[in-house]
1. Look through Arg352, Arg344, Arg374, Arg380 and report the one residue that is at pLDDT below 95 and not β-branched (Val, Ile, Thr).
2. Going by what's in this entry, would Ala95 be described as among the small types (Gly, Ala, Ser), surrounded by fewer than 21 Cβ atoms within 10 Å (Cβ to Cβ) and within 32 Å of the chain's Cα centre (by Cα)?
3. Please tell me if Asn15 is assigned by TED's automatic domain parsing to the domain that holds Ala103, over 27 Å from Gly382 (Cα atoms) and of a type in the set (S, T, N, Q).
4. Just to be sure I understand, how many residues within segment 609-639 are of a type in the set (Lys, Arg) and surrounded by 15 or more Cβ atoms within 10 Å (Cβ to Cβ)?
5. Among the residues of segment 65-96, count how many are within 15 Å of Leu299 (Cβ to Cβ) and out of contact with any Cys (no Cβ under 6 Å at 6 or more places or on another chain).
6. Looking at Glu342, is it in contact with a strand residue (DSSP E or B) (Cβ under 6 Å, 6 or more places away or on another chain), closer than 23 Å to Leu426 by Cα, buried (at least 21 other Cβ atoms within 10 Å of the Cβ) and not aliphatic (A, V, I, L, M)?
7. Specify which of the listed residues (Thr306, Thr259, Thr297) is surrounded by fewer than 24 Cβ atoms within 10 Å (Cβ to Cβ) and not aromatic (Phe, Trp, Tyr).
8. Looking only at segment 585-592, decide whether some residue is hydrophobic (A, V, I, L, M, F, W, C) and at pLDDT below 85.
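The values are calculated or read from the model by the stated rules, or taken from the named source; none is laboratory data. It should be emphasised that the depicted structure is a prediction, and the values quoted were computed from it without experimental measurement. Cβ placement follows ideal geometry from the backbone for every residue including glycine, while neighbour counts extend to all protein chains displayed.
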Amino acid sequence: MPAASGPLGSVLIANRGEIACRIMRTARRLGMRTIAVYSEADTASLHVEMADTAIHIGPPPAADSYLNIAAILDAARATRADAVHPGYGFLSENAEFAERCAAAGLVFIGPSPGAIRAMGDKSQAKTLMARANVPLVPGYHGGDQQAGQLAAQAATIGFPLLIKAVAGGGGRGMRVVTRADAFLPALESARREAKAAFGDDQVLLESFIERSRHVEVQIFADRHGGVVHLFDRDCSLQRRHQKILEEAPAPNLPAQTRTAMQTAACAAARAIAYEGAGTVEFIVAPDGRFHFLEMNTRLQVEHPVTERITGYDLVAWQFAVAAGEPLPVTQSDIQCHGHAIEVRLYAEDPTRDFLPAAGRLAYLRLPGDGRDVRVDAGVRTGDEIGIYYDPMLAKLIAHAPDRAQAVAKIRAALGEVRIAGIATNLDFLAQLVAHPDFAAAKVDTGFIERAGPALLRPAIPADPDILSLVTLFLLDRRQHGALAPSGSVPDRHSLWAQANAWRLNFPAAQEVRFTEGPREHCVIATAGPLPAADRRWHLDISGERRDCRLISMDGNEIIAGVGQTTYHVTIVAAPDAVFLLHGAHQYRFARIDRLAAADRAEQAAGALTSPMPGRVTRVHVRLGESVARGQILLVIEAMKMEHMIVSPADGIVTALNYGAGDQVAEAAELLRVEASEPREA
């Protein structure tokens, strides 16, 4: 791989979203020209706006754009880039991409193709680690991938066990299997997901260690033989086997275990002549024993917590090492300062098993970057969150002198976030960092699954005060929309120019109607002859009177009095809804359409709808076929994750509206199952 003869002048970032923006910030600080690539879905994205130059590389599917090596290399040639930074995900651990960058005379910001191959294939990596006497999780990582052989190996290993994609990452192509009869369906599903995400459906099997911790060590190496670690991170808090919260250093880890893991991580890097940033991941059992899990030959999503406790910019180090420079420090120079916690803000619905969400981001307000809180974001208000890529919106990173203060700071940072328009995990994260077991660092990889009910607050119906606030907003909008002077009344201040509910010698009473999910609300509002002047209203909500006053409206920020209580809330008007944000709660209100509602209710009988926008990957039934309760009917894929549509009851398929390969919208009717009497056993 070519080394730069001096400092790099320009870099093409072969990625998108948050990581592309983060790399650009460091590159710009170093005086480098930044080049973005983008798909049709990302034409108006933040990373395109930030870059000095941006070039289109293909249609929305990742296989045709961000995974298209030829298109990215063409973009690099067209823009005369010196180097390519792959970020994480996509082509970041693709040895062929690294080789082709080198052949094109581009500096690849990452390790050598040999190192990527050695550790990117999880089976080969485990073989290398076994030779180096690094403890491994019991399992099977052989080349015989026949389903029968894998099932036999699973029986030998025992249950529960983990099926894991050999080329995988990010929880994709991974399944926990608890009993033998569930193994083959889980294997088939994991293989399909792995093929879609990584182009490789090979898997390995591991014994599933319950109540284990996921601890990883950040390493860095140069081509002059220098290898250092930058301490460790705990990444145990996961859903769908994907991390959502990380912290550094790992809390409550015995000093002997910590030192042994750091030593093993550096030894792994030396064994493959590693260069650049890498992460060696371990599983730590309840008894304190640790086992090698995998090595990620790239920058990690969670690298900011390491940057905060060490004070180093790891992306700047990547550029320096790729340019042939030695590491800027030795191991003895690296000190750990305080504690850092990162949370990942996702467009997903925790109440629906964390299904990815898509749609327009009607409003986004994040904390400002500061000394104690860092924000890495890839989106802003108005962006469209699509179905093609990972749904992460932003990362919040808090740093403090100790863990207790870091927990307090991340809780405060989450409290400042305001999001409207799509489902997110904001409230879930707020509950997670407020949980007493998290405060005491009593967590493991199964914590979220066990603590689920305590972390998933049910949707809170709007109380009369919240209904009053949204009514005040709608009334004010109605007033301001009605005050434009008409052609027949030239004096805009005339009472006859008012298009509101004003009536001569009668109170100005008007109805405000809206829905909140299935609930329908009708509020009667009365006021003086000029309600727009003082913004005072008397509201009748289900027979209860509330005296209200709209104190101020600054953009989306509303201050209003309801009775004796003053509220400060955020209200956002979207084309089809109004969102009221109060703390971590998002309330959605919409106008009433009685005919449409009745039609939907009639159509929904027996219908199974898509829980998310996506693509039908498999259809397991035929029209007219009898099905059993719990039977898998078809499979939807979105953002490289699969979701099974199962029959809610015994019945017959009376409509089948989509086939394999079809794109579907959220709530689209997929098929109908007319219920029948339960089958005889």
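1. Arg352
2. yes
3. On the way: assigned by TED's automatic domain parsing to the domain that holds Ala103: yes; over 27 Å from Gly382 (Cα atoms): no; of a type in the set (S, T, N, Q): yes.
No.
4. Of the residues in segment 609-639, 2 are of a type in the set (Lys, Arg) and surrounded by 15 or more Cβ atoms within 10 Å (Cβ to Cβ).
5. 11
6. Taking the combined requirement at face value, the residue satisfies it.
7. From the options Thr306, Thr259, Thr297, the qualifying one is Thr259.
8. Yes, the conditions are met somewhere in segment 585-592.
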